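Student: Right, I'll just put the structure down here and ask away after.
The values are calculated or read from the model by the stated rules, or taken from the named source; none is laboratory data. On a predicted model such as this, the values are computed, not experimentally measured, just so you know. Methodologically, a virtual Cβ is constructed for each residue, glycine included, from the backbone with ideal geometry; neighbour enumeration extends over all protein chains shown. With ligands, DNA and RNA removed, areas are computed over all heavy atoms of the protein, side chains included. Shrake-Rupley method; radii C 1.70, N 1.55, O 1.52, S 1.80 Å.
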Amino acid sequence: MKIQLKKELRGQFEEITVERGMTIEEIYKEIKEELPYTVLAARVNNKIERLEHRIYGDCRVELLDMRTQEANLIYQNSLCLIYLKAIEDVLGKVDVDIENAINKGLYTEIKSHDAITAKDIKKIEKRMRQLVKADRPFVREKLTKEEAEELFIQTGCPEKAELLCENQQRRKIPFYSLDGYRDFFYGLMVPSTSYIEHFQLMKYRRGVLLRFPHPSNPNVIPEYVDEKMLYKTFGEQSRWGKLMGINYVSDLNRKIEEGKFKELIQLSEALHERRIVEIADMITRQKKRIILIAGPSSSGKTTFAQRLCIQLRVNGLQPLYMGTDDYFVERENTPVDEFGEKNYEDLDAVDVHLFNQNINDLLAGKEVDMPSFNFITGHKEYGKRLTSIRSSQPIVIEGIHALNEDLTRELPAEQKFKIYISPLTQLNIDSHNRVVTTDHRMLRRMVRDYKYRGHSAQNTISSWPKVRAGEDKNIFPYSNEADVLFNSVHLYEICVLKKYAKPLLEAIKPDEPEYSDAVRMLNFLRFFKTVEDDSAIVNNSILREFIGGSVFAD
């Protein structure tokens, strides 16, 4: 029997002969030495399958390593199950929360009666490595919903039982077992523990960091950087959740069922507004004149910047708002990436000297002929924006490179105030299944791209890896440079985005390359109730930037 096989991420399909009923794992092991990284799953006819999947007919098979989002999440799921099993072996039955991504890993908390020590963590890591070396299988089974609910109640996981009870569409619930430890994960797993070679445990604040490779370098644990501000912001988001009575998705769904959606909106918007006021007051007190705002795609930067400008006006200031897109170099001078395509994401695509010269002239009180970039012709145009400001006026600048010191290297450091913005989702499906911030942002972008740019969900999904690579290079490394971090998430928003995103995802056909991502996102969305009437969301909400109806829209 012949199949089409793609071995590498950017490779070509080639025809190979396999035996009928052969597993993907068996195919992989025959060519393992040819590949640079461990294969964790496969895309079979555009559907993600475990390596245990058997081939019975003609198909196209793409081997996936950790450089893909799907395989990356499979690695994380598998690592978490090893971690949970090792904790039980070392400490007995204790509650564990897998909370959020931070410091190139996952922040977790072990709810033991005694404080977790560095010695305990070493024992847990040692046990994890023993399990990996033993190459123990991950056993997948499906329980009925009734069996799963009973199991969760017995094991003290009421939030999981409640979530399953709500989800009437699912009659069979997938569970994974590792040497007798059994748990629910909504994603897939690798076949056995030996696939999870690289990880690191370390004590961090009140919890434990479970660290693993970044997709850009799957065989190496990345350098540790303490993201203090991110930790503080996740703590703030956790407190916001408690104010709303929401810890897990089941809590959110219950609030919506009880008709408390408007109350959630009001409280969430009030928390956002209070934080924006606090930031505006800091800028005013410190008399900063260069306000720099950056964040990854679909963070809500534009709406945040406009709302910040309003609060600065309330404080008696008259900020000048500007973006960095008007300072692109002429198109013929735009750098190209490794594939020969024009690269608008890197700093080299920006006329840094002109940008700095214009800002310094404005700060000095001079009139500046600021450029407008014509995206059709690919050239800057002048004579349309003659601008000057008074000595008390701040300049609010939004752009992907805003926190990179190389962008503002000629500007006075004492005048800069740096803000990092991102939707940091603290809400999780349950104690062991988290809501991935990257997926949350992709939902935002998908809805906005369709509404404002006429792009299909396929366009958004296919371009997302390139967007993420740009963020890893140009945005995330500078987040620690910020003076403050603004979390732009609304805990309720996935329930709103679902109404817009679901039909876009369902329109993706099985023969399209983006189908596997669409299936994964649709499976994820099934855990959330749908909010059909979102008219109560105010017109200056960050969420309006994506679903439409924003007072700040052009």
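Student: Mind checking which residues of the stretch 425-462 are more than 20 Å from residue 295 (Cβ to Cβ) and without any contact (Cβ under 8 Å) to a residue 24 or more places away in the chain?
Tutor: 454, 455, 459
Student: Residue check, residue 341 against (1) surrounded by fewer than 13 Cβ atoms within 10 Å (Cβ to Cβ); (2) modelled with pLDDT of 90 or more, all met but one. Which one?
Tutor: All conditions are met except number (2).
Student: Something else about it: Restricting the search to the stretch 314-329, which residues are open to solvent by 50 Å² or more (accessible area, probe 1.4 Å), without any contact (Cβ under 8 Å) to a residue 40 or more places away in the chain and either within 19 Å of residue 486 (Cα to Cα) or not in a helix (DSSP H, G or I) (or both)?
Tutor: If the condition is that a residue be open to solvent by 50 Å² or more (accessible area, probe 1.4 Å), without any contact (Cβ under 8 Å) to a residue 40 or more places away in the chain and either within 19 Å of residue 486 (Cα to Cα) or not in a helix (DSSP H, G or I) (or both), then 315, 316 are the ones that fit.
Student: Okay, moving on. What number of residues in the stretch 438-453 are at pLDDT 90 or above and open to solvent by 10 Å² or more (accessible area, probe 1.4 Å)?
Tutor: To start, the set of residues in the stretch 438-453 that are at pLDDT 90 or above comprises 438-452.
Checking which are open to solvent by 10 Å² or more (accessible area, probe 1.4 Å) leaves us with 438, 445, 448, 450-452.
Within the stretch 438-453, residues that are at pLDDT 90 or above and open to solvent by 10 Å² or more (accessible area, probe 1.4 Å) number 6.
Student: With respect to residue 249, determine if the residue is open to solvent by less than 40 Å² (accessible area, probe 1.4 Å) and within 20 Å of the chain's Cα centre (by Cα).
Tutor: Judged against the criteria, residue 249 is a match.
Student: So, one more: Across the stretch 172-184, what is the number of residues that are open to solvent by less than 10 Å² (accessible area, probe 1.4 Å), in contact with a Leu (Cβ under 7 Å, 6 or more places away or on another chain) and of a type outside the set (D, E, K, R)?
Tutor: Number of matching residues: 4.
Student: Filter the helices (runs of 4 or more DSSP H) completely within the stretch 158-266 down to those with at least 1 residues that are closer than 17 Å to residue 96 by Cβ and in contact (Cβ under 8 Å) with a residue 40 or more places away in the chain.
Tutor: 158-166, 228-244
Student: Quick check: is even one residue across the stretch 357-364 within 13 Å of residue 398 (Cβ to Cβ) and either of a type in the set (S, T, N, Q) or out of contact with any Ser or Thr (no Cβ under 9 Å at 6 or more places or on another chain) (or both)?
Tutor: The answer is no, given that none of the residues of the stretch 357-364 is within 13 Å of residue 398 (Cβ to Cβ) and either of a type in the set (S, T, N, Q) or out of contact with any Ser or Thr (no Cβ under 9 Å at 6 or more places or on another chain) (or both).
Student: Take the stretch 14-27 and flag every residue that is within 34 Å of the chain's Cα centre (by Cα) and either open to solvent by less than 60 Å² (accessible area, probe 1.4 Å) or more than 20 Å from residue 46 (Cβ to Cβ) (or both).
Tutor: 23, 24, 25, 26, 27
Student: Still on this model: Report, ordered by the first and then the second residue, all pairs with beta carbons closer than 7 Å, sequence separation of six or more or different chains, a first member in the stretch 42-66 that is of a type in the set (Ser, Thr, Tyr), and a second member that is open to solvent by 60 Å² or more (accessible area, probe 1.4 Å).
Tutor: 56/20
Student: Being in contact (Cβ under 8 Å) with a residue 40 or more places away in the chain, open to solvent by 30 Å² or more (accessible area, probe 1.4 Å) and part of a helix (DSSP H, G or I) is the filter here, so list the residues in the stretch 131-157 that pass it.
Tutor: 133
Student: What number of residues within the stretch 369-388 satisfy the criterion of being assigned to a loop (DSSP other than H, G, I, E, B) and either open to solvent by 50 Å² or more (accessible area, probe 1.4 Å) or among the aliphatic types (A, V, I, L, M) (or both)? Full working, then the answer.
Tutor: Step one: filter the stretch 369-388 for residues assigned to a loop (DSSP other than H, G, I, E, B), giving 370-371, 375-378, 382-385, 388.
Filter once more, so that each one left must be either open to solvent by 50 Å² or more (accessible area, probe 1.4 Å) or among the aliphatic types (A, V, I, L, M) (or both): 370, 375-377, 382-385, 388.
Looking only at that region, the number is 9.
Student: Need pairs with beta-carbon distance below 7 Å; first residue small (Gly, Ala, Ser) and within the stretch 112-126, second outside any helix (DSSP H, G or I); sequence gap 6+ or separate chains.
Tutor: Final answer for the pair search is 112/94; 118/203.
Student: While we're here: Which residue pairs have Cβ atoms closer than 7 Å, lie 6 or more positions apart in sequence or on different chains, and pair a first residue in the stretch 10-35 that is among the aromatic types (Phe, Trp, Tyr) with a second residue that is open to solvent by 100 Å² or more (accessible area, probe 1.4 Å)?
Tutor: What qualifies is 13/60.
Student: Just to be sure, is residue 101 under 15 Å from residue 201 (Cβ atoms), open to solvent by 20 Å² or more (accessible area, probe 1.4 Å) and touching a residue at least 40 places away in the same chain (Cβ under 8 Å)?
Tutor: In short, no.
Student: Still on this structure, I have one more. Could you grab me the full set of residues in the stretch 478-530 that are without any contact (Cβ under 8 Å) to a residue 60 or more places away in the chain, over 27 Å from residue 62 (Cα atoms) and surrounded by fewer than 17 Cβ atoms within 10 Å (Cβ to Cβ)?
Tutor: Correct list: 499, 530.
Student: Taking residue 274 as meeting all but one of (1) under 20 Å from residue 422 (Cα atoms); (2) free of Cβ contacts under 8 Å to residues at least 40 places away in the same chain; (3) buried (at least 16 other Cβ atoms within 10 Å of the Cβ), write down the number of the exception.
Tutor: Result: residue 274 passes all but (3).
Student: Within the group 280, 305, which residue is closer than 17 Å to residue 483 by Cβ, open to solvent by less than 50 Å² (accessible area, probe 1.4 Å) and under 22 Å from the mean Cα position of the chain (by Cα)?
Tutor: So the residue among 280, 305 that is closer than 17 Å to residue 483 by Cβ, open to solvent by less than 50 Å² (accessible area, probe 1.4 Å) and under 22 Å from the mean Cα position of the chain (by Cα) is 305.
Student: Quick one: is residue 426 open to solvent by 10 Å² or more (accessible area, probe 1.4 Å) and under 13 Å from the mean Cα position of the chain (by Cα)?
Tutor: Answer is yes for this residue.
Student: Can you name the condition, by its number, that residue 332 falls short on among (1) closer than 30 Å to residue 284 by Cα; (2) touching a residue at least 40 places away in the same chain (Cβ under 8 Å); (3) part of a helix (DSSP H, G or I); (4) open to solvent by 30 Å² or more (accessible area, probe 1.4 Å)?
Tutor: For residue 332, the failing item is (1).
Student: Kindly indicate the residue of the stretch 389-400 that is of a type outside the set (Gly, Ala, Ser) and open to solvent by 10 Å² or more (accessible area, probe 1.4 Å) and also nearest to residue 289 (Cα to Cα) among those meeting that condition.
Tutor: 393
Student: May I ask you to say which residue of 118, 161 is over 17 Å from residue 76 (Cβ atoms), modelled with pLDDT under 95 and more than 28 Å from the chain's Cα centre (by Cα)?
Tutor: 118
Student: Here is a further query. Please enumerate the residues belonging to the stretch 28-56 that are open to solvent by less than 100 Å² (accessible area, probe 1.4 Å) and more than 22 Å from residue 73 (Cα to Cα).
Tutor: Listed by number, the residues that qualify are 31, 55.
Student: Can you say whether residue 371 is in contact with a Cys (Cβ under 8 Å, 6 or more places away or on another chain) and not charged (D, E, K, R), as far as the supplied structure shows?
Tutor: In short, no.
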